[in-house]
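Below is one structure, written out as structure tokens, with a few remarks after it.
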Amino acid sequence: MSFVEFENVSLRYSEGGPKAIEDVSLQIEEGEFVAVVGPSGCGKSTLMKLISGLKPPSEGYVYVNGRQVGGPLSIVGMAFQAANLLPWRTTLENVMLPMEIVEPYRGQLRARRKEFEEMAREQLKRVGLGGFEDKYPWELSGGMQQRASICRALIHKPRLLMLDEPFGALDAFTREELWCMLRDLWQQQPFTVILVTHDLREAVFLADTVYVMSKRPGRILVKRQIDLPRP
Ligand code: ADP
Ligand code: ADP
């Protein structure tokens, strides 16, 4: 079985309502970098909710790591279009948030604070935020906030990183900087990535596999392997 598998999955947000996605089947291998592209409303976020266990499918099956998804998963890290940093916390404190919430770290912060802080500082260096640990979100640029947000998504060493339009609010130059950062992180650390975007260039630049979705109801139109030489 693949790391992530959808078997003929459909989802209706309400009984008798329209299907947000219909008959979606896919297989994602561990370590793969997958992009999901398609127009607004085609069901990309819905796909993410199904994988992260925030929504059960109305029909079909969703498996992650060999198990049917039955609730929130601690092996998942997530980042979104808005960085969603807590404004009253410093960069370091924001990045450490998953250590307070996610198993197996939860409840150990008091005893292992030094160690966790060290992990957070290391990870911040990897995303180019060394020296910014004590800054507040409003002291960081949009690109830096998004770096911190991705850093936070990775701090608990998730096996699956889910990104929903993470670079959508950034200018073109910053966006390409962050593409390279993400690609580097993925090459250094083994994790699977599912990136939702409506930027085709982004999908092709970053991903090994691109799924293209169509709207009403959301279906997978095509799956393409991208076989480009990487910089
Ligand atoms: P995106 O294009 O980034 O997915 P949307 O504007 O489609 O953002 O959705 C923003 C939020 O509103 C999402 O959490 C989505 O689940 C929710 N949402 C979208 N459409 C509806 C709807 N018809 N009814 C209720 N909630 C919705
Ligand atoms: P995308 O992320 O590709 O923009 P979504 O997954 O957010 O698409 O939405 C897919 C469809 O499901 C859209 O028609 C949207 O309006 C609908 N939808 C999304 N979230 C909700 C919700 N919470 N309640 C009702 N309908 C929703």
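No value in this document is a laboratory result; all are computed from the given coordinates. Remember, it's a predicted structure, so these values are computed and weren't measured experimentally. Glycine also receives a Cβ, built like all others from the backbone with ideal geometry; neighbour counts cover every protein chain displayed.
Under a GNM of the chain (C-alpha, springs under 10 Å), which listed residue has the highest mean-square fluctuation: Gly43, Gly53, Gly17?
Gly17
If a/c stays under 1.5 just call it rounded; otherwise compare a/b with b/c (prolate if a/b is bigger, oblate if not). Do that for region 44-83, with a ≥ b ≥ c from the square roots of the Cα gyration tensor eigenvalues.
Oblate, because a/c is 1.5 or more while a/b does not exceed b/c.
Which length gain, in nm to one decimal place, applies between Trp138 and Ile101 when the Cα-Cα distance is subtracted from 0.36 nm times their residue separation?
Extending this stretch completely gives an extra 10.9 nm.
I want the local charge near His156. Using Cβ-Cβ distances under 12 Å, sum +1 for each Lys or Arg and -1 for each Asp or Glu among the other residues. Numbers along the way, then the final one.
Values: positive: Arg106, Arg152, Lys157, Arg159; negative: Glu100, Glu103.
Local charge sum for His156: +2.
As a quick test, which of the pairs Lys157/Lys223; Lys19/Lys44; Lys114/Lys157; Lys19/Lys55; Lys125/Lys157; Lys49/Lys125 have an alpha carbon distance above 21 angstrom in this structure?
Lys157/Lys223; Lys49/Lys125
Suppose the chain between Lys125 and Ser40 were pulled fully straight at 0.36 nm per residue; how much longer would it get relative to their current alpha carbon spacing?
27.2 nm
Using all Cα-Cα distances in region 150-211, what percent lands in each 10 angstrom bin from 0 up to the longest?
20, 60, 20
Give the span of region 28-182's Cα atoms along each principal axis, as three whole-Å numbers ordered largest to smallest.
47, 42, 27
Which percent, nearest 5, of DSSP beta bridges in the chain are antiparallel?
So the antiparallel bridges amount to about 50 percent of the total.
Given a cut-off of 17 Å, what percent of all Cα-Cα pairs of region 1-56 lie beyond it?
Tail of P(r) above 17 Å: 38 percent of Cα pairs.
With the contact rule set at Cα under 8 Å and sequence spacing of 6 or more, what percent relative contact order holds for region 1-74?
The normalised contact order for region 1-74 reaches 39 percent.
Give me the net charge of Gly142's neighbourhood, meaning all other residues with Cβ under 11 Å from the Cβ of Gly142; Lys, Arg count +1, Asp, Glu -1.
Taking every other residue near Gly142 into account, the sum is +1.
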